[in-house]
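What follows is a set of notes on a single structure, which appears directly below.
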Amino acid sequence: MSTPTAQAVAPDPPRLAAADMAARLTAPFARGADRLPLVVVGTAVAPYDFQLHTAQFGVAPRPLYILQARHDVPAGTTVTFGVRGGPALSLPLPDGLTAGTSVPLPDGTGILTGIQSGLAGGQEEWWRLTALLGTMGRLLWAVGWERDHLRRQLARTAAQRSLAHAQGAHLDRNGAGLGVVRAPGETDEAYRRRLTVARRWTLPTPAGLTAALNDAVGPIDGVADPLVLDDTNAELRRGLLPLRVAPLDLLPGQSVDVLGTLGADLR
C-alpha cells in the first residue's frame with residue numbers, strides 16, 4: 001500500500017475560525033485571545049518563546065496547543081511531538097479528521113521541539129500548530145471548531161458536483177447525466193476517465209483521437225500513452241469465395257435455386 005501524500009488531497013484550508021473571531025475582539029479582550037502560530041519545517045518546530053506576550057500584557061501565558069490538519073488525514077494516524085526537557089508526546093488522532101479541523105494537545109504541554117506523523121513529505125505540508133495563550137482563545141476555539149468542521153463538509157459536498165472530485169455514488173450520478181453507465185467492478189478512476197472522454201468534444205484529427213483513446217484506456221505497463229493511431233492510407237485488399245448453400249432434404253414438390261432460396265420458380 002502506498003503512503004498517502006498531501007498533494008493528493010484537498011487544497012490548503014483557511015486558518016482557524018478562532019483566529020477570525022479573535023480579530024474582531026476589542027482591546028480589553030485582546031490579551032485573552034492572543035495566539036502564537038508556530039513554524040514547522042520538516043519534522044522540527046522552530047524555536048519560540050512567549051516573551052512578547054509577557055512584555056505586552058504583563059502576565060505569563062498558559063498555552064494550549066492546537067493541531068490543525070491542512071488535508072484530510074488517513075485513519076489511524078498518530079502524531080508524535082518532541083517536548084523540551086521531557087518525554088515525547090504521542091497524540092492518536094480521531095478517524096475522519098478532515099482538512100481545516102483541529103484537535104488540542106493535552107493541557108500543560110511544554111515547549112514543542114519536533115513533530116512526526118509517518119505521513120509522506122515535510123510535516124508543514126500536513127499540519128498547522130498554534131499556541132492559544134489565554135482563556136478567551138480557548139473559548140473561541142471551542143466555539144469555532146464546529147464552524148471549521150462544517151466549512152470543510154460544505155466544501156466536500158460541493159466538490160461532488162465536479163467530475164474531477166466526485167466519488168462513488170456521486171460519480172455514478174455524473175455518469176447518469178451523460179448516459180454512461182459504470183461497468184461491473186470498474187473503479188472510480190477508470191470510470192472517471194471514460195466520463196471525461198464522453199463529456200468533451202474531440203476534434204476528429206489523429207492527435208485528438210489518439211489523446212481521447214489514451215485518456216480512456218489509461219497507462220498500460222507503466223506507459224502513459226500506450227496507443228498510437230496510424231491513419232495512413234493503405235491498399236485495400238479483399239477476397240471473394242462463392243458459396244453454395246443447399247438444404248439437406250427437399251420434400252416432394254419443393255424447389256431451390258443456386259442461391260439456396262426455397263420455393264423459387266425454376267421455369
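The single condition among (1) surrounded by 14 or more Cβ atoms within 10 Å (Cβ to Cβ); (2) within 26 Å of G86 (Cα to Cα) that G108 does not meet is (1).
The single condition among (1) within 26 Å of the chain's Cα centre (by Cα); (2) free of Cβ contacts under 8 Å to residues at least 24 places away in the same chain that P106 does not meet is (1).
Please state which of the following conditions L93 fails to meet, knowing it meets all the rest: (1) surrounded by 15 or more Cβ atoms within 10 Å (Cβ to Cβ); (2) out of contact with any Phe, Trp or Tyr (no Cβ under 7 Å at 6 or more places or on another chain); (3) closer than 18 Å to D20 by Cβ. The one condition L93 does not meet is (3). In the set P92, P87, only one residue is without any contact (Cβ under 8 Å) to a residue 12 or more places away in the chain and not polar (S, T, N, Q); that residue is P87.
Per the listing G110, G118, G76, the residue uniquely assigned to a loop (DSSP other than H, G, I, E, B) and touching a Gly at 6+ places or on another chain (Cβ under 9 Å) is G110. The condition of being of a type in the set (S, T, N, Q), in contact (Cβ under 8 Å) with a residue 24 or more places away in the chain and either over 22 Å from F81 (Cβ atoms) or out of contact with any Phe, Trp or Tyr (no Cβ under 8 Å at 6 or more places or on another chain) (or both) holds for only one of T54, T43, T26, that being T43. Filtering R128, R161 for residues that are surrounded by 15 or more Cβ atoms within 10 Å (Cβ to Cβ) and basic (K, R) leaves a single hit, R128. At least 3 residues being in contact (Cβ under 8 Å) with a residue 60 or more places away in the chain, assigned by TED's automatic domain parsing to the domain that holds A99 and in contact with a Gly (Cβ under 9 Å, 6 or more places away or on another chain) is the threshold, and among the helices (runs of 4 or more DSSP H) wholly inside the range 157-221 not one reaches it.
Return the residue satisfying two criteria in turn: it lies in the range 23-40 and is aliphatic (A, V, I, L, M) and in contact with a helix residue (DSSP H, G or I) (Cβ under 6 Å, 6 or more places away or on another chain), and of such residues it is farthest from A69 (Cα to Cα). Filtering first and then ranking leaves A33.
Residues in the range 175-226 that are among the β-branched types (V, I, T) and more than 24 Å from the chain's Cα centre (by Cα): T202, T205, T210. Every test in (1) part of a helix (DSSP H, G or I); (2) at pLDDT 90 or above; (3) aromatic (F, W, Y) is passed by F81 save one, and that test is (1).
The values are calculated or read from the model by the stated rules, or taken from the named source; none is laboratory data. The model shown is predicted, which means the values in this text are computed figures rather than measured ones. We place every Cβ from the backbone using ideal geometry, glycine too, and count neighbours over all the protein chains shown.
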